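The structure appears right after this line, and notes come after that.
Every read-out reported here was derived from the displayed coordinates using simple, explicitly stated rules and does not represent laboratory data. All of these numbers come straight from a predicted model, not from anything done at the bench. Don't worry about glycine lacking a Cβ; one is built from the backbone with ideal geometry, like all the others, and counts go over all protein chains shown.
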Amino acid sequence: MFHLEQFLDYGLVFLRIMVGLVFASSGLSHVKDPATRSKEIGMPQSFTLFLGCAELLGGIAVIVGFLTQLAAIGLLLIMLGALQKKLFVWKTGFWGKDGFGWNYDLICSSMLIVILCSDGGRFTVLG
């Protein structure tokens, strides 16, 4: 119907920026206050700090397109951990209480899969 293939790389850059911002901001909140975040997610403080650094660096790498596929794989592994926690430990529903279900994690994972499979598009620093 519409032939918009020439805009695909621009769409992928926008997707990378949005996904990267989500992970970088989440990682920054983990790094800034690991004690509080560790209690919220039920993990040790040292792991929460590691998780925050991984999210922050992975988010930045996805935004700028630096080793995009590796960054997407790393962030996907983090999302698998989040999904496991919400599904099997907290037994959160798809929409969850107050909108904190695993639908969000599934959407982020889906976007990371698109980034992984497309290598983030043509506009990258180092692919």
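Listing for the model above:
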quantity: Residue 36 paired with residue 122, simple spin-label distance in nm, labels 7 Å along Cα-to-beta-carbon; calculated: 4.5 nm
quantity: Cβ-derived FRET efficiency at R0 22 Å, residue 29 paired with residue 114, nearest 0.05; calculated: 0.30
quantity: Nearest-ten-degree value, helix 45-64 long axis tilted from longest Cα axis of the chain; calculated: 10 degrees
quantity: Sequence ranges 85-91, 73-79, ranked by mean other-Cβ count within 10 angstrom, highest first; calculated: 73-79, 85-91
quantity: Order of 37, 16, 122 under a 10 Å beta carbon neighbour criterion, fewest first; calculated: 122, 37, 16
quantity: Whole-number percent relative contact order across the range 5-118, with pairs defined as alpha carbons under 8 Å at least 6 apart; calculated: 26 percent
quantity: Long-range amide H partners of residue 66 with built H, under 5 Å; calculated: 125, 126
quantity: For 104, 10, order by how many other beta-carbon atoms lie within 10 Å, fewest first; calculated: 10, 104
quantity: Distant alpha-carbon pairs in the chain (separation over 27 angstrom), percent; calculated: 22 percent
quantity: Size of electric dipole in the range 5-118: Cβ of Lys, Arg +1 and of Asp, Glu -1, about Cα centre, debye, nearest 20; calculated: 400 debye
quantity: Rounded Å value of the spacing that divides the Cα centres of the range 33-57 and the range 91-127; calculated: 20 Å
quantity: Additional length obtainable on full extension of the chain from residue 95 to residue 73, 0.36 nm per residue less Cα span; calculated: 5.4 nm
quantity: Surrounding net charge for residue 16, when Lys and Arg each add one and Asp and Glu each subtract one, Cβ distance under 12 Å; calculated: -1
quantity: 5 angstrom amide H check on residue 101, placed H, neighbours 5+ away; calculated: 96
